[in-house]
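Asks: I'd like to ask some things about the structure below.
Only the coordinates and a few stated rules stand behind these numbers; no lab work does. Being a predicted model, the structure only gives us computed values, none of them experimental. With ideal geometry, Cβ positions are generated from the backbone for all residues, glycine too; neighbour counts draw on all protein chains shown.
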Ligand SMILES: Nc1ncnc2c1ncn2[C@@H]1O[C@H](COP(=O)(O)OP(=O)(O)O)[C@@H](O)[C@H]1O
Ligand SMILES: [Mg+2]
């Protein structure tokens, strides 16, 4: 193999040697020797410039031994705290008789659906020290959600966090991931999640991104027959955020729900790339992402839906609505529907606009100030997506962040 | 004599550089009901828009005094807070914003402006119940998204319901009667009559005499070519019904 030595990635990785004793991790490390940071010439990264990350000098993070006050972020009594990529057993709290949660060294990795041709997945696989497993046994229904809080407390680090959320047949459960970083804008959180939704299982993942700095998250989801998977991605903070959500619908009679809300200001860049791959017949997927962009921020939505040959009677819906609150905010919205079967119902729509001036005036004419009227209208606009947060605590938390960060009040 | 609530002097206004109002005068005292009639395109809605402060409607000359304040100096919400209310000719649908939550926000902003205590949840719900009955608005509609899925008549009744909630000094009703069947018209008219007292005033914009059978105006004005060209009593409305506007504009 022809090893390049002078790539951006090589110098980026110089701080991350480390020992790998595991075949998969070795494979990932080898892949990194010929990969490099994507540029906007790569179709997959066309609108998302990450040279700031590529040029950063980062090292691997360590957990501290300080107490972290995470009270206001706690949304369940079953929770796992991961600081700078490392499990904090002392701060975590979960009852193994209720939920099956364990943290293992990634050295013991025996299988993965990570794509080693993709930089962030390969990097995560090679460098993640630990993997968190949340595994629901057959026929178990977990009433309480498991929350995983990923917190960054150091500057100029890259944390590689790895989560496996898996189920056996007829299992039901809900995981909430919360990404927090209250100060360090020069840190990268590179998160990787594998979800296995077994036959007749119903899994839900709420992903709440409220961290400063840089954040890349990849979910590789696999759905077996008669299963339901629902993911709600709420991106409320972050200088550069990139989500890669890949769902393989591999069994019949599945339902898949993808909801996303992106609220930005200043110079933020938030990019959601989703991919729903309908491999078999008789399934439904429903995707709805809404963006409210202010300041000089940029949003990217790329929603790819593929219906494979012979995957008949698929209903696939996709909707992306965007509101630009400033003349300098931008959105790049691109639906990609590839339908190779003939008996399929697909719809997609993308709308971008300012706030409805008539509605704004109507509210003002009733005595509501312009500023407040704008907030009412934007929160109504994303309200449709927020309603998909059927966990009350999660919804209240998101509303609180919207109030703290953007001054929104619910209507 | 009762006090003057609205005094419009020599109002000139334009939209997109097009002169629409060309020297309009109108004086409304507390306790009065005024009807403004006139052909389509005469500038009646423009008058309502200028008074309520809609963007793009610009006063180029004149003066509007509203109960002692210079109305044109105020933002639209401040005009409402001072007690001006506009029932829209075309009420706007606002998906995702609940009718009563928005009204409560409006009411509390108005109260705060007047340095009054915010309305309690209980007090507010009592108000909603009582005042939605004034226009026989189904209380289910009161809690839905603003005007979404409302019929034409329900939208108009919702406007009057909002008026009942906000208790303005001066209400301008822009074609509130259009699109109403006779039952709905009676309900709306009865609502307006009930809300009317000696301290407030109503300006009815309409181009049918029909509404005036149910709400008796003290004055009827004809607006044509950007001005009030004739003023009379209720009998003028009947005359207009019979003869149209041509005889006045010739
Ligand atoms: N937003 C607007 N932009 C341009 N012209 C307008 C606008 N609104 C009204 N006009 C024009 O102003 C004139 C008066 O309209 P309007 O006030 O709606 O009349 P009325 O309510 O008496 O029927 C009409 O010629 C109309 O075309
Ligand atoms: Mg009109």
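Asks: Order these peptides, A:334-345, A:365-376, by their mean beta-carbon neighbour count within 10 angstrom, highest first.
Replies: Those peptides, ordered most packed to least, come out A:365-376, A:334-345.
Asks: A further question follows. Using a 10 Å cut-off on Cβ to Cβ distances, tally the other chain neighbours for every residue of A:352-365 and report the average as a whole number.
Replies: So the per-residue partner count for this stretch is 6.
Asks: Can I ask one more? Can you tell me the length gained on complete extension of the stretch residue B:143 to residue B:117, counting 0.36 nm per residue apart and subtracting the Cα distance?
Replies: Length gained between residue B:143 and residue B:117: 7.0 nm.
Asks: Give the value in nm², to one decimal: projected area of the alpha carbon convex hull of the range A:357-411, averaged over all directions.
Replies: 3.8
Asks: Treat the count of other C-beta atoms within 10 Å as a stand-in for reagent exposure and order A:144, A:177 from fewest to most.
Replies: The order, fewest Cβ neighbours first, is A:144, A:177.
Asks: Sticking with this structure for a sec: When the expected Rg is taken as 2.2 N^0.38 Å, what fraction or multiple of it is the alpha-carbon Rg of the range B:142-250?
Replies: Values: Rg = 15.1 Å, N = 109, 2.2 N^0.38 = 13.1 Å.
Relative to the rule-of-thumb radius for its length, the range B:142-250 sits at 1.15.
Asks: I need the fraction of alpha carbon pairs in the range A:16-356 separated by more than 32 Å, rounded to a whole percent. Could the numbers behind the result be given before it?
Replies: Numbers: 16059 of 57970 pairs.
More than 32 Å apart: 28 percent of the Cα pairs in the range A:16-356.
Asks: With the contact rule set at Cα under 8 Å and sequence spacing of 6 or more, what percent relative contact order holds for the range B:1-49?
Replies: 34
Asks: Oh, and also: Rg and Dmax of the protein assembly as shown over Cα atoms: what are they, in angstrom?
Replies: 31.0, 100
Asks: For chain A, set up a GNM with springs between Cα atoms under 10 Å and report which of A:132, A:119, A:70 has the largest fluctuation.
Replies: Fluctuation is largest for A:70.
Asks: Compute the distance in nm between two label points, each set 7 Å from the Cα along the Cα-to-Cβ direction, one at residue A:409 and one at residue A:46.
Replies: Once both label points are built, they end up 4.3 nm from each other.
Asks: Determine one quarter of the surface area of the Cα convex hull of the range A:131-235, which equals its mean projected area, and express it in nm² to one decimal.
Replies: Taking the Cα atoms of the range A:131-235, their convex hull projects to 5.9 nm² on average.
Asks: Relative contact order, percent, of the range A:220-275 when contacts are C-alpha pairs under 8 Å separated by at least 6 residues?
Replies: It comes to 48 percent, rounded to a whole number.
Asks: For chain B, with equal point scatterers placed on the C-alpha atoms only and solvent neglected, what are the log10 I(q)/I(0) values from the Debye formula at q = 0.11, 0.12 1/Å, to two decimals?
Replies: These q points yield log10 I(q)/I(0) values of -0.57, -0.69.
Asks: To make sure I understand, if each residue's beta carbon is the centre and we count other beta carbons within 10 Å, what order do A:143, A:71 fall in, fewest to most?
Replies: Fewest-to-most Cβ neighbours within 10 Å comes out as A:71, A:143.
Asks: R0 = 25 Å: FRET efficiency of residue A:168 with residue A:77, Cβ-based, nearest 0.05?
Replies: Computed FRET efficiency for residue A:168 and residue A:77: 0.55.
Asks: Here's another thing I want to ask about it. Could you work out the mean count of beta carbons from other protein chains within 10 Å of each residue's beta carbon in A:377-390?
Replies: 2
Asks: Where in the range B:140-159 does the amide nitrogen come within less than 13 Å of the point 7 Å from the Cα of residue A:387, taken along Cα to Cβ?
Replies: Flagged as within label range: B:144-146, B:148-149.
Asks: Can I ask one more? Obtain the nm distance between the two label points defined at residue A:16 and residue B:151 by a simple spin-label model: each point lies 7 Å from its Cα along the Cα-to-C-beta direction.
Replies: Here the answer is 6.4 nm between the modelled labels.
Asks: Also: How shielded is B:97-109 by partner chains, expressed as the average number of their Cβ atoms within 10 Å of its Cβ atoms?
Replies: Counting other chains' Cβ atoms within 10 Å and averaging over B:97-109 gives 5.
Asks: For A:254, A:346, what ranking results if the residue with the fewest other Cβ atoms within 10 Å of its Cβ goes first?
Replies: The most exposed by this proxy come first: A:346, A:254.
Asks: Estimate the FRET efficiency between residue B:130 and residue A:139 by the formula 1/(1 + (r/R0)^6), using the beta-carbon distance for r and 56 Å for R0, to the nearest 0.05.
Replies: Taking R0 as 56 Å, the efficiency between residue B:130 and residue A:139 is 0.55.
Asks: Quick check on packing: order B:45-53, B:189-197 by the mean number of other C-beta atoms within 10 Å, highest mean leading.
Replies: Going from most to least packed, we get B:45-53, B:189-197.
Asks: A further question on this structure: Quickly work out the residue A:356-to-residue B:213 label distance, labels modelled 7 Å from Cα along the C-beta direction, and quote it in nm with one decimal.
Replies: 3.5
Asks: Kirkwood Rh over alpha-carbon pairs of the range A:146-295, then Stokes-Einstein at 10 °C and 1.306 mPa s: what D in µm² s⁻¹, rounded to an integer?
Replies: The estimated diffusion coefficient comes to 101 µm²/s.
Asks: Normalised by the residues of chain A, what does the relative contact order come to in percent, with Cα pairs under 8 Å and at least six apart?
Replies: On the way: 1067 pairs, mean separation 38.5, N = 411.
The normalised contact order for chain A reaches 9 percent.
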